[in-house]
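Structure first, then comments.
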Amino acid sequence: MSAARVLIVDDEKSMRDLLTITLEKAGHDVTAADGGEAAIEAIRKETFDAIVTDLRMPRVDGMQVLRAARDLSPETAVIVITAVASTETAVEAMKLGAYDYITKPFKLDEVDLIIKNGLERKRLRDENLYLRKQLETQHRFENIIGKSGRIVEVFDTIRKIADSPATAMISGESGTGKELVARAIHFNSQRRDKPFVSVNCGAIPEGLMESELFGHVKGSFTGAIANKIGLFAAAEGGTLFLDEITEIPPLLQVKLVRAIQLREVRRVGDTKDIKTDVRLIAASNRDLETAVREGVMREDLFYRLNVIPIHLPPLRERREDIPFLVAHFVQKFNKELGKNVRGVTPEAMAVLERYHWPGNIRELENALERASVLGTGEMVGVDSLPEPVRRGRPPREPDVLDLPEEGLDLEATLDDLERRYLQRALDRTRGVQTKAAELLRMTFRQFRYKLQKHSLARRSSAVEQ
């Protein structure tokens, strides 16, 4: 760590020399100025971490030095020294932005301690500013990679709605970047300095979901040994992102509608409501209108959340963005893995552009991380890509459908097809529902709903037992 740069300002040579020797012994890089004019000139030319200045000096006094430092280098910690018995001038200096003041006569240990504290505060402020800028940069909408028309529309929507308090619903297949869009909305809004709280509703046990969302009071149920704030309270003033919103049980959806409508929540076991200021963004990989029709999602909740709909297209529908995504991930993994990969070969790029990417951007990212780890050259070749990607097997085209002259009952036909796939998945997994749900790319809760719909649940349960 480099030495802190400290400027000493005093018209008395003996005081300058004493402070210079003391602070150099403490490991600081010290510059001395014999008056206010020389100090202001030094501040214009160089950057200092701390300035120690006498207040009473001829021509240009310490107050003028303080004002110059505030204007030219506002992050610098300024400490003033006064010999006046009254502290009125020192208090005025504090109001102008001085970090602290020292009254003569003083102990050298006292000076050293105050400077150390001032430098530590500056370090923490600089670090906080750096981290905040990094966080904002990381989640700017510019970091949603792509130039296709579909993605440009998403950019425009984020810009327009960022400062709106309206709820938003993000839809799209798994791996398309729904949380990234939610974060971009938050960090480009006036709520950026407040919390962004993200939760996957499918990962919370159904019995604990109400407590997680709204909180609970001590003794409200077995195991509630202390008061707990919910996710709404944790996101106060900021944004709450509810991913896989259709996984919330219907009874709890009623309370969520109330929370959105009245902007207040009630903790489990409490008797009073708590006002809340939270911007709500929800997401799902399901067709939401179908979820409403099937009773998985309440219609009133759908309309409350779907004020601003944002749909993210699958990667196979925006293949022109693949080169930009590849360049982004290559650069990312170079930094994370200490590699020096310059890009991918034309042959590898052709394979990447041809593949159908059922896992979307997440699958592409994983493929390039694997290639970066296993590859040894400056370019990612075809051999470094995962075997399914190398095969380049295109998505299987559906058989040509024959529509009878007299027409057909489409809903009944689709229901029959759905039931047959459910049964086939159960047969293949010997009745193990969790594995069958994985085969059909469903959550377990969605799968159970489908089984009940087609009266297959009892037969499957008997097999599992």
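The values are calculated or read from the model by the stated rules, or taken from the named source; none is laboratory data. Predicted, not measured: the structure shown is a model, and the values here were computed from it. Note: ideal-geometry Cβ built from the backbone for every residue, glycine included; neighbour counts use all protein chains shown. Surface accessibility is based on the protein's heavy atoms, side chains included, excluding ligands, DNA and RNA. Shrake-Rupley method; radii C 1.70, N 1.55, O 1.52, S 1.80 Å.
Return the calculated 222 nm mean residue ellipticity for the chain, to the nearest 500 deg cm²/dmol, obtained by summing -39500 (n - 2.57) across DSSP H runs with n ≥ 4 and dividing by the residue count.
Taking each H run of at least 4 residues, the total per residue is -14500 deg cm²/dmol.
What's the whole-number percent of alpha carbon pairs in region 177-260 lying beyond 16 angstrom?
Beyond 16 Å sits 57 percent of the P(r) for region 177-260.
Which residues' amide hydrogens lie under 5 Å from the amide hydrogen of Gly238, considering only partners 5 or more residues apart or on another chain, with H built in the peptide plane?
Amide H neighbours of Gly238, under 5 Å, 5+ apart: Arg279.
For region 239-392, what ratio Rg/Rh do Cα atoms give with a Kirkwood hydrodynamic radius?
1.16
What whole number of Å gives the distance from the Cα centroid of region 239-296 to the Cα centroid of region 151-177?
Centre-to-centre (Cα) distance: 19 Å.
Dividing the Cα convex hull volume of region 1-76 by residue count, how many Å³ per residue is that?
Roughly 72 Å³ of hull volume per residue.
Expressed in whole Å with the largest first, what are the equivalent ellipsoid semi-axes of region 139-278 derived from the C-alpha gyration tensor as the square root of 5 times each eigenvalue?
Result for region 139-278: semi-axes of 31, 16, 12 Å.
Of Lys45/Lys194; Lys116/Lys228; Lys25/Lys104; Lys275/Lys332, which ones are farther than 31 Å apart at the Cα?
Lys45/Lys194; Lys116/Lys228; Lys275/Lys332
Leaving out ligands, DNA and RNA, what percent of the accessible area of region 176-328 is carbon and sulfur, probe 1.4 Å?
52 percent
Given N residues in region 303-399, what is its alpha carbon radius of gyration divided by 2.2 N^0.38 Å?
Rg over 2.2 N^0.38 Å, computed on Cα atoms: 1.23.
Out of the trypsin sites (Lys or Arg not before Pro) in region 350-456, which ones are loop residues according to DSSP with at most 10 other C-beta atoms within 10 Å?
The qualifying sites are Arg396, Arg430.
Counting only heavy atoms of the protein chains, get the accessible area per residue of region 279-357 (1.4 Å probe) and round it to a whole Å² value. Please list the in-between numbers first.
Details: 3850 Å² over 79 residues.
Normalised by residue count, the accessible surface of region 279-357 is 49 Å².
Write down Rg/Rh for the chain, rounded to two decimals, with Rg from the C-alpha atoms and Rh from the Kirkwood relation over Cα pairs.
Ratio value, two decimals: 1.13.
Take the alpha carbon gyration tensor of region 33-127, find the square roots of its eigenvalues, order them as a ≥ b ≥ c, and report rounded if a/c is under 1.5; if not, report prolate when a/b exceeds b/c, else oblate.
oblate
Which peptide among 199-212, 234-247 comes first, and what is the full order, when sorted by highest mean count of other Cβ atoms within 10 Å? Please report the intermediate quantities before stating the final value.
On the way: 199-212: 15.7, 234-247: 21.6.
Packing order, densest peptide first, comes out as 234-247, 199-212.
Averaged per residue, what accessible surface does region 5-65 expose to a 1.4 Å probe, in Å²?
Spelled out: the 1.4 Å probe surface of region 5-65, per residue, equals 48 Å².
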